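Laboratory data are not the source of any read-out in this text; all were calculated from the coordinates shown. No experiment lies behind these values; they were computed from the predicted model shown. So basically every Cβ, Gly included, is an ideal-geometry build from the backbone, and we count neighbours across all protein chains shown.
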Amino acid sequence: MFAVMKTGGKQYKVQAGDMLRVEKLAADAGETIQFNEILMLGGDETVVGAPLIEGAGVQAEVVDQIKGEKVTHFVKRRRKHGSQRTKGHRQKLTLVKVTDILPSGAGKSGVKAAVGAGSVAAVAVAATEAKKPAKKAAAPKADAAPVEGADDLKKLSGVGPALEKKLHGAGVTTFAQVAAWTDEDVAAMDEQLSFKGRIEREGWIEQAKELAKG
């Protein structure tokens with residue numbers, strides 16, 4: 001079976017096992033991609049799209065990102081004080097190996113669609129990834145085991161058994177530690193355990209200083 005597919009504004013006739021150089025794609029070496037713009041399928045019978053064949057696809061493995069042969073471009077301006085210029089250019093390409101031709105069901109294959117590196121789709125995906133917030137460090141589990149020799153942090157205003165276990169999980173076990181917190185420490189603990197200003201609101205540092213005295 002063969003297929004005629006379209007990518008990068010060009011058409012290619014391919015079959016399984018073919019090595020192909022196409023316009024640069026937004027994919028890394030080793031990735032499997034799928035071309036979904038299929039114009040014709042041939043084999044036991046020929047199917048022609050109108051203009052595309054719905055559900056058909058060509059799957060391929062990205063072998064490498066390469067550059068084409070150097071092309072020399074010469075420009076000369078025919079004027080009294082004309083000028084001339086020579087430029088060289090090597091087109092960025094992607095080398096792929098065709099692995100399978102799907103006459104139908106390509107939309108449910110789950111394989112990443114092949115998109116050009118400079119296409120609107122590729123730029124949109126990159127922008128979406130850049131906007132994703134960084135993952136927060138996981139807060140310690142509330143059921144962490146009790147710490148021997150720890151102060152009774154439940155004496156702090158608003159601290160119950162569950163919150164005390166969270167503090168232990170974060171390495172806070174004594175009043176002296178709380179009493180020595182700086183503004184940076186408070187901000188970090190607010191972020192890590194989602195206290196939302198509770199430390200300052202409840203006055204933990206002043207309470208801890210008094211409790212640390214015994």
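The mean sequence distance of close C-alpha pairs (under 8 Å, at least 6 residues apart), as a share of the length of the chain, puts its relative contact order at 17 percent.
Using C-alpha pairs under 8 Å with a sequence gap of at least 6, the mean separation divided by the residue count of segment 153-212 gives a relative contact order of 42 percent. What is the sum of charges, Lys and Arg at +1 and Asp and Glu at -1, for the other residues whose Cβ falls under 10 Å from the Cβ of residue 7? With Lys, Arg at +1 and Asp, Glu at -1, the neighbours total 0. Listing 35, 74, 195, 2 from fewest to most neighbouring C-beta atoms within 10 Å gives 74, 2, 195, 35. So for the chain, considering every pair of alpha-carbon atoms, how many percent are separated by more than 25 Å? Beyond 25 Å sits 63 percent of the P(r) for the chain. For a test of the definition: using alpha carbon positions, the gyration tensor, and the 1.5 limit on a/c, classify segment 153-212 as rounded, prolate or oblate. Rounded shape, in that the Cα axes give a/c under 1.5.
Helical content alone sets the calculated 222 nm signal of the chain at -6500 deg cm²/dmol, taking -39,500 (n - 2.57) per DSSP H segment of four or more residues and averaging over every residue.
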